[in-house]
Amino acid sequence: MPEAPRVRVHLSYNGRDISRDIAPFLVSFSYTDHAGSQLDEISLELQALDDLWGGQWFPAEGDTITAAIVAYDWDSARMPITPVNAPSVLPCGTYQVSDITVDGPPERVSLACISAPLTRGLRRQRKHKAWENIRLQAIAADIAAGAGMRLLYDTAINPLYTRKDQQFQSDLAFLQDFCTTNGLRLKVQVDRLVIFSEAEYEQHDPAFTIDKLDGLYTGYSFRTSLAESYRSCEVSYTDAKGTTGYAATFTPPQPPSTGEVLKLNERVESQVAAVLRARTALREKNREAQTARFTVPYHPRLVGAVTGTLRHWRPRYNGTYMVDSVTHTIGGGAGSTSSVEMHKALIGY
């Protein structure tokens, strides 16, 4: 078995580098990178020596931790996934401390940190607001600006709405639902909102390959879900008075073998919107028809929302997958590992 590279964690607390200070206490570190729909997170487990974490080091509301994983000797190590100019430094981003747990014996402190800013009202403050004659990107930009954040809108999908109401929802919940309805993913960082199309990202060139013949993974599983797969989706609208709206049917070029049809009774604003809604609703149901999980020695090219190739597995398992989430764990008794969850890329939608 080839020797893996040395992996270290670099940490800054409120902008100050504490890597050397914290190293003697750090038992384990993990970083979970989601492609969207869930918040990214990091966690640290530390030995509670000298009661530092109960006293002068105890976090205050709004405190931030910036983390990066650095792999030394990376280029000289043969890894189970073929790297494509793999970097030696994986920036994990900046997080706010959300939860502190002390347990024992021996006494240890666990810090849980999330990517959404706790002090900006994005997650917890419920609001009522209405927009008229506006596109999705403009609504997202308005919400981002209200939270003091930037917006990266990385998709060509940008529907126009005659009216859109936020009815006593938090900004994050409202925007999350809004994106899901349009087949988009929302990623929240401390100072930025990112909106992208999963279908568009699935067309990107693969960033890694997992080859069964390499045999260096430490665990894997494949899941095929047949119960929630649909051949096509029909969108139409009829209210209690018999009033009808726009209707559309979408069937992908390579539909599942099931004969089930997903039927939605929803009002949309145009024929184009009806087709988009049918396509995105079908994708949301079928995207987990074929999923895979792998655990491998730490690999920095495994990040959320990139694509990868599976090779030399059973024919139904081979092909292009998109990373839904990956957790990098440093320390904790198992060495440095990356655990990735993926879904097989859908064709034509």
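Please verify whether region 65-80 includes one or more residues that are in a helix (DSSP H, G or I), surrounded by 14 or more Cβ atoms within 10 Å (Cβ to Cβ) and modelled with pLDDT of 90 or more. No: region 65-80 contains no residue that is in a helix (DSSP H, G or I), surrounded by 14 or more Cβ atoms within 10 Å (Cβ to Cβ) and modelled with pLDDT of 90 or more. Taking the criterion of being part of a strand (DSSP E or B) and surrounded by 15 or more Cβ atoms within 10 Å (Cβ to Cβ), the residues of region 206-247 that qualify are Phe208, Thr209, Ile210, Asp211, Tyr220, Phe222, Ser232, Cys233, Glu234, Val235, Ser236.
Scanning region 316-333 for residues that are in a loop (DSSP other than H, G, I, E, B) and modelled with pLDDT of 95 or more gives Tyr317, Asn318. Residue count for region 248-261, restricted to those that are more than 23 Å from Pro159 (Cα to Cα) and either surrounded by 11 or more Cβ atoms within 10 Å (Cβ to Cβ) or at pLDDT 95 or above (or both): 5. Checking each residue in region 193-205 for being surrounded by 12 or more Cβ atoms within 10 Å (Cβ to Cβ) and more than 22 Å from Asn286 (Cβ to Cβ) picks out Leu193, Val194. Could you tell me whether Leu264 is surrounded by 12 or more Cβ atoms within 10 Å (Cβ to Cβ), of a type outside the set (Val, Ile, Thr) and assigned by TED's automatic domain parsing to the domain that holds Thr295? So Leu264 fails the test. Ala305 fulfils the conditions (1) part of a loop (DSSP other than H, G, I, E, B); (2) surrounded by 18 or more Cβ atoms within 10 Å (Cβ to Cβ); (3) in the same structural domain as Lys212 (by TED's automatic domain parsing); (4) without any contact (Cβ under 8 Å) to a residue 40 or more places away in the chain except for a single criterion, (4). The strands (runs of 3 or more DSSP E) found wholly in region 92-164 and carrying at least 2 residues that are modelled with pLDDT under 95 occupy 108-114, 126-135.
The values are calculated or read from the model by the stated rules, or taken from the named source; none is laboratory data. Given the structure is predicted, the values throughout are model-derived calculations rather than measurements. No Cβ is skipped: glycine too gets one built from the backbone with ideal geometry, and neighbour counts run over all protein chains shown.
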